[in-house]
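Presented below is the structure to which this report refers.
The values are calculated or read from the model by the stated rules, or taken from the named source; none is laboratory data. If you're wondering where the values come from, they're calculated on a predicted model, not measured in any experiment. All Cβ positions, even for glycine, are placed from backbone atoms using ideal geometry, and neighbour counts span all protein chains on display. Accessible surface areas use protein heavy atoms only, side chains included; no ligands, DNA or RNA. Shrake-Rupley method; radii C 1.70, N 1.55, O 1.52, S 1.80 Å.
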Amino acid sequence: MTIRRAAVLALLLDVVLVVVFAAIGRATHDGDILGPGGSGLATTAWPFLAGLLIGWIVSRGWRRPAAPLRTGLPVWAVTLVAGMLLRALSGQGVALAFVIVAGITLLLFLVGWRAIAALVARVRVSRSA
């Protein structure tokens, strides 16, 4: 797989996971994932999606898209911080409990898949050696 294709797939996976995070939150608290007129999920997700894109730019995620430490941690941190700032600026809630739950969930999602991929790659290399 080319690095460009790997980067596109990694970014798409991150986007899907951020939307899943927003959907889980909406289902848990509002009971309606899409919300009124179907805009609820977009309203909940957009601050974190914007943060995710900023995180990719800051970390230059396209260089090592599956690296848990080099890409995953900065993408997670920027997604969380920028997402919370954008939520606050747009009048959405940022209660401490939400920040903690969002931080843990996004860490598991954005760094977790990368850690699993790195572990699988390491096992494959050790088996072929």
_Complete set of residues in segment 107-117 that are closer than 18 Å to Ser59 by Cα and open to solvent by less than 60 Å² (accessible area, probe 1.4 Å)_ = Phe109, Leu110, Val111, Gly112, Trp113, Arg114, Ala115
*Please identify the pairs in which a residue from segment 93-106 that is within 15 Å of Ile24 (Cα to Cα) has its Cβ atom under 7 Å from the Cβ atom of a residue that is surrounded by 10 or more Cβ atoms within 10 Å (Cβ to Cβ), counting only partners at least 6 apart or on another chain.*
Val99/Met84; Ala102/Leu80; Gly103/Leu80; Thr105/Phe21; Leu106/Phe21; Leu106/Trp76; Leu106/Thr79; Leu106/Leu80
*What is the number of the single condition among (1) among the hydroxyl-bearing types (Ser, Thr, Tyr); (2) within 18 Å of Asp14 (Cβ to Cβ); (3) modelled with pLDDT under 95 that Thr43 does not meet?*
(2)
*Kindly indicate whether Leu13 is more than 17 Å from Gln92 (Cα to Cα) and crowded, with 16+ Cβ neighbours inside 10 Å.*
yes
*Could you check Met1 against (1) within 20 Å of Ala115 (Cβ to Cβ); (2) crowded, with 17+ Cβ neighbours inside 10 Å; (3) not acidic (Asp, Glu) and say which number it fails?*
(2)
*Members of segment 62-114 that are aromatic (Phe, Trp, Tyr) and farther than 22 Å from Ala23 by Cβ*: Trp62
*Just checking, how many residues over segment 50-92 are open to solvent by 50 Å² or more (accessible area, probe 1.4 Å) and closer than 17 Å to Ile24 by Cβ?*
1
*Taking interchain pairs and intrachain pairs at least six residues apart, which have beta carbon atoms under 9 angstrom, with the first residue in segment 17-38 and buried (at least 16 other Cβ atoms within 10 Å of the Cβ) and the second of a type in the set (Asp, Glu) and not in a helix (DSSP H, G or I)?*
Arg26/Asp32
*Residues within segment 39-49 that are of a type in the set (Gly, Ala, Ser) and open to solvent by less than 30 Å² (accessible area, probe 1.4 Å), tallied*: 2
